[in-house]
Amino acid sequence: MGFKKDFLWGSASAAYQIEGAYNEAGKGPSIWDLWAHIPGKTFEGTNGDIACNHYYRFKEDVALMKEMGLKTYRFSISWPRIIPKGTGEINQEGIDFYSALIDELIANDIVPMVTLYHWDLPQTLQDDYRGWESRRVIKDFVSYSKVCFENFSDRVSHWIVMNEPNIFTSLAYMLKVHPPGIQDEAVYLKAFHHTVLAHAYTVLAFKEAGYKGMIGSSIAYTPSYAATNQTQDLRAKEMFDATGSLWFLDSYYKGEYPIDAVNYYKKKGVLPEISRADLEIMAKAASLCDFIGINYYQTATVASNPEDGVGFGEMNTSGKKGTQSESGVPGLYKQVRNENLEYTDWDWAIDPNGLKYGLEILKDRYHLPIVISENGLGAYDLMTEEGTIEDDYRIDFLRKHILACESAIENGVELIAYCTWSFTDLLSWLNGFKKRYGFVYIDFESGSLERTKKKSYEWYKKVITSNGEEV
Ligand code: BGP
């Protein structure tokens with residue numbers, strides 16, 4: 001029982017959040033390059049122009065991974081670095097960069113786990129046909145994926161097609177905080193459906209070409225509880241799940257949308273066109289996926305919400321605890337504070353038991369191996385005068401989540417990988433550089449970008465060496 005011998009202890013990142021070199025080496029602009037340059041869109045105007053300068057310092061970062069004994073490193077490929085205009089001409093320098101990174105990882109006994117899309121759409125596709133809003137994106141995405149498979153699948157065996165399609169579409173088309181920053185439920189559902197199809201056709205292309213390896217996508221998974229045992233709260237929880245987790249997971253991993261939510265959106269007049277051919281492709285891809293990827297940070301506690309109740313609330317992007325307001329969908333549900341749980345400075349609920357609960361739901365519903373592609377604690381880390389970072393709170397957070405994984409495994413969950421978010425500190429899309437997640441501290445303040453191991457670095461090293469025995 002417990003973690004298998006070949007369990008992949010890992011850590012994760014995303015291109016825009018670490019690479020820098022945003023307009024160098026032939027890379028084209030992404031929607032994030034433009035968005036983060038618009039005043040007021042990100043926390044204190046922070047952007048990924050330089051970020052961790054990982055593009056130039058990747059060998060140093062991989063050396064730190066090697067010293068830690070990391071088994072897998074999950075990173076994303078930047079589409080506009082490979083195909084600057086999204087379609088057409090390939091940028092050889094981009095291919096060479098990822099090739100060198102992959103080689104470096106393999107030379108250091110680290111399994112590369114590659115994400116194909118972590119939110120940095122080529123700006124040209126946004127300009128040409130409004131990106132994810134158009135079906136045209138599907139074909140372009142599959143072509144880009146094929147370029148990646150052709151160039152890297154001889155060395156890459158773990159592929160994550162989409163990262164959190166549920167988060168980027170809702171933040172972009174409902175909450176207006178990711179590009180292109182609009183609010184339109186019909187467009188949101190349409191864009192999400194296009195991610196499902198882009199994923200599905202990519203999975204088919206991968207399998208049809210006969211590549212070896214495993215493929216899936218990563219959904220941000222927020223298991224939920226009803227706030228009370230009253231019928232209206234239980235019903236609110238059901239609709240929160242139907243329009244949330246199940247909408248996202250069933251479409252990717254069952255090849256269908258949950259009927260309660262379909263009826264709800266149909267009545268509202270916002271359901272996108274979902275053709276019979278779409279459903280066939282979705283089902284076929286679902287039957288071919290090798291694993292479910294989830295990013296787990298927190299659970300939600302859900303209560304009923306009257307027709308004139310709360311809508312979108314304030315997001316806490318400042319790190320001032322308690323500034324997140326209640327939010328919900330009038331007439332459907334709202335999310336409330338869970339008095340049984342502690343919260344981070346950004347008001348995210350800390351709930352290791354929720355991870356175990358969620359993993360068991362996934363096992364029963366989808367019968368697939370699971371990759372935890374992100375889990376971690378965003379916190380203010382301070383460097384002491386001696387130059388150390390004593391992040392015991394992070395150790396405590398990760399320890400409890402790893403124990404939750406172990407206990408889920410004992411209950412029959414087939415967990416194959418656990419990636420913390422993140423390996424080094426990096427840019428948080430909306431929260432700047434102060435919200436840190438890494439095992440390795442990066443000096444963003446002075447601009448030296450010097451790397452320093454935190455206390456959690458040595459701790460995770462022991463977790464890996466003991467295969468989860470010593471937490
Ligand atoms: C996930 C994203 C990551 C990362 C993480 C932490 O949603 O996939 O890219 O950013 O969340 O979120 P944040 O940076 O907002 O704290």
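The values are calculated or read from the model by the stated rules, or taken from the named source; none is laboratory data. These numbers were taken from a predicted model, which means no experiment stands behind them. Backbone-built Cβ (ideal geometry, glycine too); neighbour counts: all protein chains shown. SASA here: full protein model, heavy atoms, side chains in, ligands and nucleic acids out. Shrake-Rupley method; radii C 1.70, N 1.55, O 1.52, S 1.80 Å.
Tell me whether segment 303-395 comes out rounded, prolate or oblate; compute the Cα gyration tensor, take square roots of the eigenvalues as a ≥ b ≥ c, and use a/c under 1.5 as the rounded threshold.
oblate
What is the distance in Å between the Cα centres of segment 115-140 and segment 187-236?
18
With θ taken as phi - 60° and the coefficients 6.51, -1.76 and 1.60, list the Karplus ³J(HN,Hα) couplings across segment 152-158 in order, rounded to whole Hz; mark glycine and proline as x.
With coefficients 6.51, -1.76 and 1.60, one gets 10, 6, 5, 10, 10, 10, 10 Hz.
Restricted to Cα positions, what overall size does segment 1-120 have along the principal axes? Three whole-Å values, descending.
Projected onto the principal axes, the Cα atoms of segment 1-120 cover 50, 34, 26 Å.
If you roll a 1.4 Å probe over the chain with all protein chains in place, what percent of the accessible area is carbon or sulfur?
Roughly 50 percent, rounded to a whole number.
Taking every DSSP beta bridge with both residues inside the chain, roughly what % is antiparallel (nearest 5)?
Percentage antiparallel, nearest 5: 30.
Pop a pseudo-label 7 angstrom from the Cα along the beta-carbon direction at both SER275 and LYS455 and give the gap in nm to one decimal.
Label-label distance for SER275 and LYS455, simple model: 5.9 nm.
So, in nm, how far is label GLU24 from label THR465 when the simple model puts each one 7 Å beyond its Cα toward the Cβ?
3.6
If I model a spin label as a point 7 Å beyond the Cα along the Cα-Cβ vector, how far apart are those points for THR231 and SER446 in nm?
For THR231 paired with SER446, the spin-label model returns 6.5 nm.
List the residues, sorted by chain then number, that are 5 or more residues from VAL111 or on another chain and whose placed amide H is less than 5 Å from its amide H.
Amide H to amide H, under 5 Å and 5 or more residues apart or across chains, VAL111 pairs with THR72, TYR73.
Provide, for q = 0.24, 0.29, 0.31 Å⁻¹, the log10 of I(q)/I(0) from a solvent-free Debye sum over equal Cα point scatterers in segment 274-325.
-0.98, -1.20, -1.23
In whole angstrom, how long is each semi-axis of the equivalent ellipsoid of segment 246-304, when you take the square root of 5 times every eigenvalue of its Cα gyration tensor and sort them from largest down?
Rounded to whole Å, the semi-axes are 22, 21, 7.
I'd like the distance separating the alpha-carbon centroids of segment 455-470 and segment 55-111, in whole Å.
25
Based on alpha-carbon atoms only, what is the radius of gyration of the chain relative to the globular estimate 2.2 N^0.38 Å?
This ratio for the chain stands at 0.92.
In whole Å and largest first, what semi-axes does the C-alpha gyration tensor of segment 163-249 yield when each eigenvalue is scaled by 5 and square-rooted?
Computed over segment 163-249, the values are 29, 19, 10 Å.
Treating cross-link reach as a plain straight distance, find the lysines whose alpha-carbon is under 18 Å from the alpha-carbon of LYS139, omitting any fewer than eight places away in the same chain.
List returned: LYS85, LYS190, LYS207, LYS284.
Around TYR225, which amide H atoms from residues at least 5 apart in sequence, or from another chain, sit under 5 Å from its own amide H, with H modelled in the peptide plane?
The list, which skips near neighbours in sequence, is ALA300, THR301, VAL302.
With the other protein chains left in place, how much accessible area per residue, in square angstrom, belongs to segment 345-440 at a 1.4 angstrom probe?
That works out to 34 Å² for each residue.
At a 1.4 Å probe radius, which order do MET162, MET383 fall into by accessible area, largest first?
MET383, MET162
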